[in-house]
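Asks: Sharing a structure below in structure tokens format, with a few things to ask.
The values are calculated or read from the model by the stated rules, or taken from the named source; none is laboratory data. Just so it is clear, the model here is predicted, and its values are computed rather than measured. With ideal geometry, Cβ positions are generated from the backbone for all residues, glycine too; neighbour counts draw on all protein chains shown. Accessible surface is based on the protein model in full, side chains and every heavy atom, while ligands, DNA and RNA are left aside. Shrake-Rupley method; radii C 1.70, N 1.55, O 1.52, S 1.80 Å.
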Amino acid sequence: MKNFIVKRKNIKDSTIYIIGFCIAAFAAICIFRPAHEAAKEKAEAGLAAGNRWIDTLCNNSSDYEPLYPMEKDVERFMSKWDIKGLSLAVSRNDSLVFAKGFGWADKERGEMMEANHIMRIASASKLVTAAAIMKLVEEGKLSLESRVLGEGGILNRKDFTESIKDHRMDSITVEHLLRHEGGFTLGAGDPMFNTVELKKAKHLTKAPTNEELVRIVLGRRLGFQPGNGRRYSNFGYMLLSLVIEKISGDNYWDYVKENILYPAGVYGFMPAANYYSEKNPREVKYYSPDAELVEDINTPGKMVDRCYGGANINALLGAGGWCASAADLCRFVAAIDGDSRFKDVLKPESVSRMTAHRDKEKICFGWTESDENGRWTRSGTLSSAHALIMRFPDGECWVITMNSGVWTGYKFTRSLENLVNTLRSRYSGHLPSRDLF
């Protein structure tokens, strides 16, 4: 009996010890877990609570008889340019007042375009990346004057530094890349889009990784001294994506979602996929402006539709790798426009720096243009998609996304701008007072 009592006491003591240890361990995890893990859980909680607005958004949400003539104008525009599917969203004073899809999301499957379908937004992704950079600047983790490359740069890993042939690259700053003033030119083609040629030249068996691509480009010469010229550079914004990863210690996509998009109540953004079989469930099908086949970026000799496998869209990262709905883009702009009616994710001074107008200089931080009247524009173009954001001084924001390429390419942006200006002049006064967010 005595031994039984001792054993029972030992068991009781052990149980108390184990329970105490578990409680202490749990407390330690809660106290000392990495900050980004806590932020991630908070973001996921917000996603579960706030995702309803985009999940329930549909074309019927915007049925409004006074705007039926506007819808007819949109359909006529689509017919003129042979556009398979288009989405239009309009916000006013940070409230979503209209969001509707037109045409086909996937014609072959008989799927019509809905207001919450997502599409590749191409270079409109740069606006998201610029906002993420400014967030890091606000937090004191980064400076616009920070050097990016070389031994003293942010991306100072040994293989990058040893690849540099033109040491003017050592002077490239974060702001140079934001303004497309890094000195990178397209003399050898756009490295973000001539994947097949690069593979053959470098004897690669598949599309180069972002790190391999950086080493290749760093082995070239710059076209001009950084800061002394401007050439539009997708590669420069891909570098900014790697800067975000290095400074934050997180994956680019995850950092942007958890620190910019989710806090803004934007939940529909997804990284783009290269192939139809890999697309997101709510993503549309894309249509090229011609039937010409091109070589697949990963499989030598395999010919594919340029929409799927003709370019490494995902590798663009923050230069052009996001998918989103037009309504999501309206909400994102509402969070970086300085309008206090919807809580911004950036401070007013950051918004001012991103949108500052300079005479003869149209390119801002992320925005394509900020004119003297305070109108901000951001466009995006791929062979398979177009996107346009126009934010006006009176608080209206008009966004168009498309799943069809147009043979005029980037010049088509002017036609989209004309469409928005026409629709706005005719129907702005008929927009209802409501908030679909």
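Asks: Please state the charge dipole magnitude for the chain, taken about the Cα centre, from unit charges on C-beta atoms (+1 on K and R, -1 on D and E), reported in debye and rounded to the nearest 20.
Replies: 1020
Asks: Related question: Calculate what fraction, in whole %, of the accessible area of segment 75-156 sits on carbon and sulfur atoms when a 1.4 Å probe is rolled over the protein chains.
Replies: 43
Asks: Taking the solvent-accessible surface of protein heavy atoms with a 1.4 Å probe, what is the per residue accessible area of segment 363-437 in Å²?
Replies: About 37 Å² of surface per residue is accessible.
Asks: Which one, P208, W407, F193, projects farthest toward the positive side of the charge dipole computed for the chain from Cβ point charges (K/R +1, D/E -1)?
Replies: Going by the charge dipole, the pick is P208.
Asks: Residues of segment 108-217: accessible area per residue at 1.4 Å, in Å²?
Replies: Counting only protein heavy atoms, the per-residue value for segment 108-217 is 40 Å².
Asks: Measure off, as a whole percent, the carbon and sulfur share of the 1.4 Å-probe accessible area of segment 281-404, all protein chains present.
Replies: 49
Asks: Ordered by packing density, taken as the mean number of other Cβ atoms within 10 Å over each peptide's residues, highest first, how do 78-86, 235-243 rank?
Replies: 235-243, 78-86
Asks: Next question. What's the ranking of 404-414, 387-397 by average number of surrounding C-beta atoms within 10 Å, highest first?
Replies: 387-397, 404-414
Asks: What shape does segment 124-173 have by the C-alpha gyration tensor, where a ≥ b ≥ c are the square roots of the eigenvalues, rounded means a/c under 1.5, and otherwise prolate means a/b greater than b/c and oblate the rest?
Replies: Because a/c hits 1.5 or more and a/b exceeds b/c, segment 124-173 counts as prolate.
Asks: Determine the order of D254, D106 by accessible area, beginning with the largest, at a probe radius of 1.4 Å.
Replies: Reading off the accessible areas and sorting them downward yields D254, D106.
Asks: I need two numbers for the chain: Rg to one decimal and Dmax as a whole number, Cα atoms only, in Å.
Replies: For the chain, the Cα radius of gyration and maximum Cα-Cα distance read 24.7, 96 Å.
Asks: From the Cα gyration tensor of segment 87-240, with a ≥ b ≥ c the square roots of its eigenvalues, which class applies: rounded if a/c is under 1.5, or else prolate if a/b is larger than b/c, or else oblate?
Replies: It is oblate, given that a/c is not under 1.5 and a/b is not larger than b/c.
Asks: Turning to a different aspect of this structure: Measure nothing but the geometry: give the 0 to 90° angle between the long axis through the Cα atoms of 35-50 and the longest principal axis through the Cα atoms of the chain, rounded to 10°.
Replies: Here the helix axis deviates by roughly 60 degrees.
Asks: Per residue, how much accessible area does segment 256-337 show when a 1.4 Å probe rolls over the protein heavy atoms, in square angstrom?
Replies: 31
Asks: Any chance you could give the angle, 0 to 90 degrees and rounded to 10, that helix 125-138 forms with the longest Cα principal axis of the chain?
Replies: Result, in degrees: 50.
Asks: Related question: Which of L218, Y267, Y255 sits closest to the plus end of the dipole of segment 218-289, meaning its Cα is farthest towards the positive end, when Lys and Arg get +1 and Asp and Glu get -1 on the C-beta?
Replies: Positive-most Cα among the choices belongs to L218.
Asks: Could I ask something else about it? On C-alpha positions alone, give me the angle between the axis of helix 412-427 and the longest principal axis of the chain, in degrees, nearest 10.
Replies: 90
Asks: To continue, here is another question. If packing is taken as the average number of other Cβ atoms within 10 Å across a peptide's residues, how do 111-120, 214-223 rank, most packed first?
Replies: Per-residue Cβ counts within 10 Å, averaged per peptide and sorted highest first, yield 111-120, 214-223.
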